[in-house]
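The values are calculated or read from the model by the stated rules, or taken from the named source; none is laboratory data. Treat the numbers as computed from the prediction; the structure is a model and nothing was measured. Please note: Cβ atoms are built from the backbone with ideal geometry, for glycine as well, and neighbour counts cover all protein chains shown. Quick note on the areas: whole protein, heavy atoms, side chains included, nothing else; ligands and nucleic acids left out. Shrake-Rupley method; radii C 1.70, N 1.55, O 1.52, S 1.80 Å.
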Amino acid sequence: MPAREPRAVDLRIDARFVIPVEPSGTLVDHALVVDAGRIVALVPSALADAEYAPRERVTLPEHALIPGLVNAHTHSAMALLRGIADDVPLKAWLEEHIWPREGRFVAPDFVHDGTLLAAAEMLRAGITCCNDMYFYPDAAAQAYEQAGMRAMIGMPILDFPTPYAADADGYLQRGLAARDTYNESPRLAFSLAPHAPYTVGDETWGAIVVYARQLDLVIQTHVAETAHEVEQSRAQTHETPLARLDRLGATGPTFVAIHAVHLDARDVDILVAQGCHVVHCAGSNMKLASGAAPVAALLAAGVNVALGTDGAASNNRLDVLDEMRLASLLAKVTSADAASLPAATALRMATLNGARALGLDERIGSLVPGKDADVTAIRLADVETLPLYDPVSQLVNAAGREHVTDVWVAGERVLDERRLTRIDAAALTSRTRMWQSRLA
Ligand SMILES: [Zn+2]
């Protein structure tokens, strides 16, 4: 019987370790086979020759291949405000430092340039998808397209005027117009992004719920970030912010609760019963002294918890490898249990759980045939990452974003041996310096 001809495919990546996340565990000496932007197979390297004839071949003998990291909450354009006001409590930070500058400078060019800067930083950190929330989502969409990065872009909604929109209806209409323009873009998705329960009133929440159900959109919002927010809500409505949103019909399997730091037992019950998602922003919560979300308890209760950096102004790194380590450490401290949030859980939160929160888990979040080839390669053969006993533990506890070498989004290599293939790095740094002199 004649041997079957090997199948022609676009790309084969051989790596020393492959950590597909689904199923858990580490494969040794495997090949990831990609065609037309999707994962075709994950097979032992020794068997791949007979099966596949790749047009391009990449060999990574000292690397771990993981699903592209998902940054499930950020304000990308705020990369331009990184480090502008540190060591300040949240209220003063927003009211005295961030909002006045946003009022003066935020416009489409600011958002485009800031988002491109953030995308460049994230791709070099192995992040292939982010969940963004900021003004001028159309300018952000343009930057993600330029960078080749996947993004869920929030349509921002507030009940007070900014240069971007005059009232809640204005915000909704501008956001929906941006969605109409970019909705066919294969790497972009859109969600409704009311800023927070305390900046959006009941009537507007009602409209948001109607749009979300009609258009099948994710609702993402900051909720229960500070103790002050919860106290104020209790004083005004005799309920927690999350209970109020539940009463208004906003919760459900497409509801993403960002931060969720200060929750009571009933709040946790709501998250479980409604199948809501939580985005844990450990670095930002620590930096702004907001507190520690009860992540171990949420995971134990069955809530899907993803990881986010929040904006670069309150972190100051858009670095999900760092967030994995912070989340793991913070959970151990708050639960007084060193077994809390182990490395494999942290990696799952940073990949598949993020994809689930955004409703993208059919397409990304694990290295499974049929999914889009969003893939990150991390070198584990340097002085910081040797000796190597457990690749997953090494990724979470020892490796840094500087060890990320290559990144593919939908099978396209957007980072090639640490060089961004779509972004002119020199032009980006000179634009960023221009903004620095204007904003200072
Ligand atoms: Zn935020």
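Among the residues of the range 390-404, those that are under 10 Å from LEU347 (Cβ atoms) and touching a helix residue (DSSP H, G or I) at 6+ places or on another chain (Cβ under 6 Å) comprise VAL392, SER393, VAL396.
Is there any pair with a first residue in the range 363-383 that is without any contact (Cβ under 8 Å) to a residue 12 or more places away in the chain and under 16 Å from GLY68 (Cβ atoms) and a second that is outside any loop (DSSP other than H, G, I, E, B) and open to solvent by 10 Å² or more (accessible area, probe 1.4 Å) whose Cβ atoms are under 6 Å apart and which are 6 or more apart or on different chains, and what are they? Taking only residues 6 or more apart or on different chains, the pairs are ARG363/ASP372. Might you check whether a residue that is within 21 Å of TRP408 (Cβ to Cβ) and among the hydroxyl-bearing types (Ser, Thr, Tyr) occurs anywhere in the range 9-25? No, because not a single residue in the range 9-25 is within 21 Å of TRP408 (Cβ to Cβ) and among the hydroxyl-bearing types (Ser, Thr, Tyr). Output the residues belonging to the range 47-96 that are touching a residue at least 60 places away in the same chain (Cβ under 8 Å) and assigned to a helix (DSSP H, G or I). Of everything in the range 47-96, those that are touching a residue at least 60 places away in the same chain (Cβ under 8 Å) and assigned to a helix (DSSP H, G or I) turn out to be SER76, ALA77, MET78, ALA79, LEU80, LEU81, LEU90, LYS91, TRP93. If you go through the range 195-212 and keep only what is open to solvent by 30 Å² or more (accessible area, probe 1.4 Å) and within 21 Å of the chain's Cα centre (by Cα), you end up with just HIS195.
Restricting ALA440, ALA373, ALA398, ALA426 to residues that are modelled with pLDDT under 95 and either within 24 Å of GLY148 (Cα to Cα) or of a type in the set (A, V, I, L, M, F, W, C) (or both) narrows the list to ALA440. Suppose the filter is under 25 Å from the mean Cα position of the chain (by Cα), crowded, with 17+ Cβ neighbours inside 10 Å and part of a loop (DSSP other than H, G, I, E, B); does ILE378 pass it? No; evaluated as a whole, the condition is false for this residue. Selection within the range 254-277: residues that are of a type in the set (A, V, I, L, M, F, W, C) and open to solvent by 30 Å² or more (accessible area, probe 1.4 Å). The member of this set that is nearest to the ligand (Cβ to nearest atom) is LEU263. Of the residues in the range 87-102, none is within 19 Å of ALA151 (Cα to Cα) and buried (at least 19 other Cβ atoms within 10 Å of the Cβ). Scanning the range 82-127 for residues that are among the small types (Gly, Ala, Ser) and closer than 30 Å to ALA373 by Cβ turns up GLY114, ALA118, ALA119, ALA120, ALA125, GLY126. Sub-9 Å Cβ pairs linking a first residue in the range 392-408 that is under 12 Å from LEU321 (Cα atoms) to a second residue that is surrounded by 23 or more Cβ atoms within 10 Å (Cβ to Cβ) and charged (D, E, K, R), at least 6 apart or interchain, are GLY400/ASP319; ARG401/ASP319, ordered by first then second residue. With ASP138, ASP113 as the choices, which residue is touching a Pro at 6+ places or on another chain (Cβ under 8 Å), in contact (Cβ under 8 Å) with a residue 40 or more places away in the chain and open to solvent by 10 Å² or more (accessible area, probe 1.4 Å)? On inspection, the qualifying residue turns out to be ASP138. Could you run through the range 391-402 and say how many residues are in a loop (DSSP other than H, G, I, E, B) and crowded, with 20+ Cβ neighbours inside 10 Å? So the count comes out to 1. Between LEU172, LEU192, LEU123, LEU158, the distinction of being open to solvent by 10 Å² or more (accessible area, probe 1.4 Å) and not acidic (Asp, Glu) belongs to LEU158 only. With respect to the conditions (1) surrounded by 17 or more Cβ atoms within 10 Å (Cβ to Cβ); (2) among the aliphatic types (A, V, I, L, M); (3) not in a helix (DSSP H, G or I), LEU388 falls short on a single one, namely (1). Considered as a group, the residues in the range 327-341 that are more than 15 Å from the chain's Cα centre (by Cα) and not in a loop (DSSP other than H, G, I, E, B) include one that is nearest to the ligand (Cβ to nearest atom), and that residue is LEU330. Among residues of the range 324-339 that are touching a residue at least 40 places away in the same chain (Cβ under 8 Å), those with a Cβ under 7 angstrom from a residue that is not in a helix (DSSP H, G or I), sequence gap 6+ or separate chain, pair up as MET324/LEU307; ALA327/HIS280; ALA327/LEU307; ALA327/LEU341; SER328/LEU341; LEU330/ALA292; THR334/ALA292. I'd like to check something: does the range 124-132 contain any residue that is outside any strand (DSSP E or B) and in contact with a Phe, Trp or Tyr (Cβ under 8 Å, 6 or more places away or on another chain)? Looking for residues that are outside any strand (DSSP E or B) and in contact with a Phe, Trp or Tyr (Cβ under 8 Å, 6 or more places away or on another chain), one finds none in the range 124-132, hence no. Number of residues in the range 144-155 that are touching a residue at least 60 places away in the same chain (Cβ under 8 Å), buried (at least 23 other Cβ atoms within 10 Å of the Cβ) and assigned to a helix (DSSP H, G or I): the value is 1. Residues that are within 16 Å of the ligand (Cβ to nearest atom) and buried (at least 24 other Cβ atoms within 10 Å of the Cβ) within the range 289-304 comprise just one, ALA293. When the residues of the range 15-40 are filtered to those that are closer than 14 Å to VAL392 by Cβ, in a loop (DSSP other than H, G, I, E, B) and touching a residue at least 12 places away in the same chain (Cβ under 8 Å), the one that is most open to solvent (accessible area, probe 1.4 Å) is SER24. Among the residues of the range 341-357, the one identified as under 14 Å from MET152 (Cβ atoms) and open to solvent by 20 Å² or more (accessible area, probe 1.4 Å) is ARG356.
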